[in-house]
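A.B. asks: This is the structure, below, for whatever I ask next.
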Amino acid sequence: MKDTPIKKIIEREKKRQDKVINLIASENYVSDDVLDALGSEMVNKYSEGYPGRRYYGGNEMMDELEKLTQKRALETFKLSDKKWHVNVQPLSGTPANLAVYMALIPPGGKIMGMSLEQGGHLSHGFSASATGKFWKQVPFGVDTKTERIDHDRVGEIALKEKPDMIVAGFTAYPRKVNWKRFREIADSCGAYLHVDMSHIAGLVAAGEHPSPFRYADTVMTTVHKTLRGPRAAIIWSVKDDRKIGQAVDRAVFPGLQGGPHMNQIASVAVALKEADGADFKKYAKKVVSNAKALAGALKNKKWRVISGGTDTHLILIDTWLKGSGISGKDASERLEKKGIIVNKNTIPGETRTATDPSGIRLGTAAETTRGKNEKDFVAIADMIDEILKK
Ligand code: DSN
């Protein structure tokens, strides 16, 4: 690279990534092939439209690429093209969720999603997000004692509020999700069921988390978390008389986006193929057993693990402990000084603020990619305990 200032920043970032212990639950390290595709000549092409229906000439290879990526998005999740329509153009998770809402919910309609503070996402109808400005959020949370989803309570709220859509999706919920119950709740109030499986998509692909496809009307995932691909998103829509897939396609383009990023789509295709093999299955299994080892070791050190543990790649720790510990912000800053990267996070029943909350969120996907095992994560728990002890 001839641009020295940029080259230096990239080199410094590479060094940072090499030397830290990365416990950010939404990050991962992609393969050289995923990077090659992202940095390829595909970046040069405008491809507004969909395969066979483009607004620019010269799209022969782009059509082939997009169709192959769609095929892989079905194969990796064991889906039939008779049952599922797929769109691989969304730039990332928030625009993808926005596209689903635009396709299916009338302006001013209701989105029922987990509140941000309890483990939902901005794009599940939070007031500061466009999704909370154009639609009204009906929030749900977790049970205060078990810190797990209380489906009976979710069902009561749904019956009372009659949302247009239920969003089952989470950014800080460590437990397996019962998709069937969400389907029953959606049916009880005539709502669409949209699943945002961004965090757990790699686990779903590998069979380490139940698949939502049997129950959802639409499923969205980002590609860059446990799925270990580039920053991008995919939307699947069930094929039936409601023609959801066509509405989603129109919402993505021309509704919300112009030309798709074809280099990003090439890179998604590579990641999907990588996630469809025996090695990835082993990887995903290890991600979960490493998370269990980390959660168990932190519990042994008397840290309060939200919901008592994890079934996934993700762990939430209450560092504040009603004032007897330290805030999530202090905890993440102390850890970063010692080379352990986490994010501060609200916890269920949060009493502090989003910018200085009561906990931290940890994840094992990135360090498992770098070959760490359960013993390493027990050692990481020891380090965390040592650094955070008052
Ligand atoms: N910000 C992402 C996360 O860290 O979970 C979700 O978009």
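A.B. asks: Given a Förster distance of 45 Å, report the FRET efficiency between residue 390 and residue 282 from their Cβ-Cβ distance, rounded to the nearest 0.05.
C.D. replies: So the FRET efficiency works out to roughly 0.70.
A.B. asks: Residue 71 versus residue 300, label points 7 Å from Cα toward the beta carbon: distance in nm?
C.D. replies: 4.9
A.B. asks: Right, another one. Quick query: amide H of residue 192 versus all other amide H atoms, modeled in the peptide plane; which residues come in under 5 Å with a sequence gap of 5 or more or a different chain?
C.D. replies: Placed amide hydrogens put 165, 166 under 5 Å from residue 192.
A.B. asks: Taking Cα pairs under 8 Å and at least six residues apart, what relative contact order does region 274-354 come out at, in percent?
C.D. replies: Over region 274-354, the number comes to 18 percent.
A.B. asks: Do any trypsin sites (Lys or Arg not before Pro) in region 55-123 lie in a DSSP loop with no more than 14 other beta carbon atoms within 10 Å, and if so, which?
C.D. replies: 78, 82, 83
A.B. asks: If I stretch the segment between residue 322 and residue 373 completely, what's the gain in nm (0.36 nm per residue apart, minus their alpha carbon distance), one decimal?
C.D. replies: The residue 322-residue 373 span can extend by a further 15.1 nm.
A.B. asks: Still on this structure, please answer the following. Could you give the dipole magnitude of the chain about its Cα centre, charging the beta-carbon of Lys and Arg +1 and that of Asp and Glu -1, in debye to the nearest 20?
C.D. replies: Dipole of the chain, to the nearest 20 debye: 780 debye.
A.B. asks: Taking Cα pairs under 8 Å and at least six residues apart, what relative contact order does the chain come out at, in percent?
C.D. replies: With pairs under 8 Å counted, the relative contact order is 23 percent.
A.B. asks: How would 124, 151 line up from fewest to most surrounding beta-carbon atoms within 10 angstrom?
C.D. replies: Exposure proxy ranking, most exposed first: 151, 124.
A.B. asks: Residues with amide H under 5 Å of residue 140's amide H, sequence separation 5 or more or different chain, H placed in the peptide plane at 1.01 Å from N; which?
C.D. replies: Excluding prolines and chain starts, which carry no amide H, the hits are 113, 114, 115.
A.B. asks: In whole Å, how far is the Cα centre of region 341-390 from that of region 206-283?
C.D. replies: A separation of 28 Å, based on Cα centres.
A.B. asks: For residue 345, which sequence-distant residues (separation of 5 or more, or a different chain) have an amide H within less than 5 Å of its own amide H, given hydrogens modelled in the peptide plane?
C.D. replies: Correct list: 359, 360, 361.
A.B. asks: Which length gain, in nm to one decimal place, applies between residue 11 and residue 159 when the Cα-Cα distance is subtracted from 0.36 nm times their residue separation?
C.D. replies: Full extension from residue 11 to residue 159 adds 47.9 nm.
A.B. asks: Putting +1 on Lys and Arg Cβ atoms and -1 on Asp and Glu Cβ atoms, find which of 88, 42, 77 reaches farthest to the positive end of the dipole of region 37-120.
C.D. replies: My answer, from the dipole projection, is 77.
A.B. asks: Ok, one more. Using the Karplus curve 6.51 cos²θ - 1.76 cosθ + 1.60 with θ = phi - 60°, what ³J(HN,Hα) values do you get for each residue of region 21-35, in whole Hz, with x for Gly and Pro?
C.D. replies: 9, 9, 10, 6, 5, 9, 10, 7, 10, 7, 6, 4, 5, 4, 5
Just so you know, all these numbers are worked out from the coordinates, no wet-lab data involved. The structure presented is a predicted model; accordingly, all values stated were derived computationally and were not measured. Counting neighbours? That spans all protein chains shown, and the Cβs are built from the backbone with ideal geometry, glycine included.
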